[in-house]
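These notes concern the structure reproduced below.
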Amino acid sequence: MNLNLNRPLCFFDLETTGIDIANDRIVEIAILKLMPDGEKREKVWLVNPGCPIPQAASDVHGITDDKVADAPSFKQIAADVNSFIDNSDLAGYNSDRFDIPLLAEEMLRAEFDFDLSTRKTVDVQTIFHKMEKRTLTAALKFYCDQTLENAHSALADTQATHDVLQAQIERYDDLQNDISFLSEFSSHRKTADLAGFIVFNSKEQECFGFGKHKGKTVEQVLEQEPGYFGWLLNADFPRYTKKILTQIRLRKLNSNS
């Protein structure tokens, strides 16, 4: 069975220096691009993060400083990555919470405008957890009766994620072979940014999801406490969150002009 696609779907997986979205870096990225006609294209990049890879991270994915010493920086491959995923929806395992936010940080750091407003995202882990609540290794065994070799190799994890999604659609009658449906089904609470700092309320207004202004609309806070915006931009928040805050601020300024 082929996935029902209206445009390309890029399965991808990242290996990184850690799990801090705002500060950690990519050391490997693998992308499996599935075309609407069923053609598959693969790309894998080793990446020099520009900082030491913690031993704890190397213990997980096996990538050491020596392995990436001669690899390009993410900024050097950003144009190729951006071109490869252009006009594509995105899919991954825990991708909505980790891989996509971290990829967005790297793209923005490399001065590429990463915008999800025109893309659908499918998080295979969310589908799995809603249906069975297990890990990627268990998911591959459960759905495909396969053993995941080379776990935490970006390409192996990417291929496993692709195989699991196809098996999930075949197994569950209530899962539609449609990217819009799968994107909605695999999403968590609706957020305006990627890290979940800005959430939507029942009126589809952007609200702060943290801190002293939690639950208040962003526009209301910017009007009543304009200095808070400056603090947010200088604080250690993800670049994509800052981008969304800037868009809201500009939208409000334009509406008042």
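Brief remarks on what is shown
- Residues Cys144, Cys10, sorted so that the one with the fewest Cβ neighbours within 10 Å comes first: Cys144, Cys10
- Rg over Rh for region 1-71 works out to 1.11, using Cα positions for both radii and the Kirkwood form for Rh.
- Within the same chain, aspartates and glutamates fewer than 8 places from Lys75 are excluded, and of the rest, those with a Cα less than 15 Å from its Cα are Asp24, Glu28, Glu105, Glu106, Glu111, Asp113.
- Think of it as helices only: each DSSP H run of n ≥ 4 in the chain is worth -39500 (n - 2.57), and spread over all residues that comes to -12500 deg cm²/dmol at 222 nm.
- Greater than 26 Å apart at Cα, pairs in Lys130/Lys214; Lys33/Lys203; Lys130/Lys212; Lys40/Lys130; Lys40/Lys242; Lys190/Lys243: Lys130/Lys214; Lys33/Lys203; Lys130/Lys212; Lys40/Lys130; Lys40/Lys242
- Distance between the 7 Å Cα→Cβ label points at Lys203 and Arg109: 3.8 nm.
- The chain pair-distance distribution - Cα-Cα, 10 Å bins, rounded %: 7, 28, 33, 23, 8, 1, 0
- Estimated FRET transfer efficiency when R0 is 22 angstrom, pair Ser117-Asp178 (beta carbons, to 0.05): 0.70
- 5 angstrom amide H check on Asp13, placed H, neighbours 5+ away: Ala30
- Cα-based helix-to-principal-axis angle, 74-85 vs the chain, degrees rounded to 10: 70
- Loop GluC sites (Glu not before Pro), region 1-106 (other Cβ atoms within 10 Å of the site Cβ: 10 or fewer; DSSP): Glu39
- Sparsely packed GluC sites (Glu not before Pro) within region 195-257, loop by DSSP, other Cβ within 10 Å at most 10: Glu204
- Region 198-256: relative contact order as a whole-number percent, Cα under 8 Å and 6+ apart: 22
- 3J(HN,Hα) along region 2-17: 9, 5, 7, 10, 9, 8, x, 10, 9, 7, 8, 9, 10, 10, 9, 7 Hz, from the Karplus curve 6.51 cos²θ - 1.76 cosθ + 1.60 with θ = phi - 60°, whole Hz, x for Gly and Pro.
- Our summary gives the chain a relative contact order of 18 percent, counting only alpha carbon pairs under 8 angstrom and 6 or more residues apart.
- Cα long-axis angle, helix 100-109 against the chain (0 to 90 degrees, to the nearest 10): 60
Just so you know, all these numbers are worked out from the coordinates, no wet-lab data involved. All figures in this text were calculated on a predicted structure; none of them were measured in a lab. Because the Cβ atoms are built from the backbone with ideal geometry, glycine has one as well, and the counts that use them run over all protein chains shown.
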